[in-house]
Amino acid sequence: MLPVDADNWPYPRWIAHRGAGKLAPENTLAALRLGASHGYRMFECDVKLSADGIPFLMHDATLQRTTNGPRLLGAAASPMGGDHPWSALSQLDAGSWHSRSFAGEPLPSLENIARYCLQNGFFLNIEIKPTPGQERQTGDVVANHAARFWQGAAVPPLLTSFNPEALEAARDAQVRLPRGLLLDTLWKGWLETALSLECVAIVCNHALWDTSSVTQARRAGFRMLSYTVNDEWAAERLIQLGTDGIITDRVDLFSPA
């Protein structure tokens, strides 16, 4: 596994948000396949833990929005995805909420997604998305699983999180896996925190990048990525600023070529 830093940056500029943006049910294998059909070679996804410690793809803490969990598991069951074992979560329908054509699409485990990306030469940005109270555990488990799945691969996945505690646990578990700090505001100490976590990248809400923040990040040795960029003017502004990665829902608008 090659080391990843500001000088050795193997990832493409264009990254498909949650697999294929809004064109497919987010965080599913179907979404990655659709993103790939539009020419994307790197995907962003959200990963949390089941009750028995299996990393799986889901953005929300609860099951309501993107699965039939409340109906299948019963009204009395916990709405939190992390409160259920993988044997139950793997039976959920994560596609019907989006459209009929994706009905029956299952929640994927991180292992499913890793296998797909590795066999097709794709890159992955894993956002560590812990259920509240499981920050360190999630960072540790996701990093250890990622290291095992990508063992021997030329390019590792990029691990990112809004949660410094989760990133710290990921660093402590697998220091060789590259990390990025996600930011929705430039809170006091953001640069120092990214440095202390030995991150290789800062991943910002795209509106936060300007000449000042880009200069600070570049001088500190970070690569700069942006989410979620869905307008051509915003993408052009970020390219002109010299940033390195653009996470987008609009896989139908932006050609990664």
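The values are calculated or read from the model by the stated rules, or taken from the named source; none is laboratory data. Just so you know, these numbers come straight off a predicted model, no measurement behind them. Positions of Cβ are generated from backbone atoms using ideal geometry, with glycine treated the same way; all protein chains shown enter the neighbour counts.
I'd like to verify a number: residues in the stretch 80-119 that are in a loop (DSSP other than H, G, I, E, B) and either over 17 Å from L49 (Cβ atoms) or aromatic (F, W, Y) (or both), how many?
As a first pass, look at the stretch 80-119 and keep what is in a loop (DSSP other than H, G, I, E, B): 84-85, 90-92, 94-99, 103-105, 107-108.
Retained after the next criterion (residues that are either over 17 Å from L49 (Cβ atoms) or aromatic (F, W, Y) (or both)): 91, 95-99, 103-105.
Residues meeting the conditions: 9.
Any idea which of A170, A154, A143 is among the small types (G, A, S) and either under 19 Å from I246 (Cα atoms) or over 15 Å from the mean Cα position of the chain (by Cα) (or both)?
Working: A170 fails: either under 19 Å from I246 (Cα atoms) or over 15 Å from the mean Cα position of the chain (by Cα) (or both); A143 fails: either under 19 Å from I246 (Cα atoms) or over 15 Å from the mean Cα position of the chain (by Cα) (or both).
Matching residue, one of A170, A154, A143: A154.
For the condition in contact with a helix residue (DSSP H, G or I) (Cβ under 7 Å, 6 or more places away or on another chain), exposed (fewer than 15 other Cβ atoms within 10 Å of the Cβ) and under 25 Å from D7 (Cβ atoms), what is the one hit in E198, E192? So that I can check it myself, show each step before the final result.
Values: E192 fails: in contact with a helix residue (DSSP H, G or I) (Cβ under 7 Å, 6 or more places away or on another chain).
On inspection, the qualifying residue turns out to be E198.
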Restricting to the stretch 3-44, count the residues that are at pLDDT below 95 and either among the β-branched types (V, I, T) or in contact with a Pro (Cβ under 7 Å, 6 or more places away or on another chain) (or both). 1
Count, please, the residues in the stretch 93-141 that happen to be among the hydrophobic types (A, V, I, L, M, F, W, C), touching a Pro at 6+ places or on another chain (Cβ under 9 Å) and either modelled with pLDDT under 95 or within 13 Å of T66 (Cα to Cα) (or both). 3
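Say whether the condition of being more than 24 Å from D140 (Cα to Cα), among the basic types (K, R), touching a Pro at 6+ places or on another chain (Cβ under 9 Å) and crowded, with 17+ Cβ neighbours inside 10 Å is met by at least one residue in the stretch 45-64.
Within the stretch 45-64, the subset more than 24 Å from D140 (Cα to Cα) is 64.
Going one step further and asking which of them are among the basic types (K, R), we end up with none.
Checking the stretch 45-64: not a single residue is more than 24 Å from D140 (Cα to Cα), among the basic types (K, R), touching a Pro at 6+ places or on another chain (Cβ under 9 Å) and crowded, with 17+ Cβ neighbours inside 10 Å.
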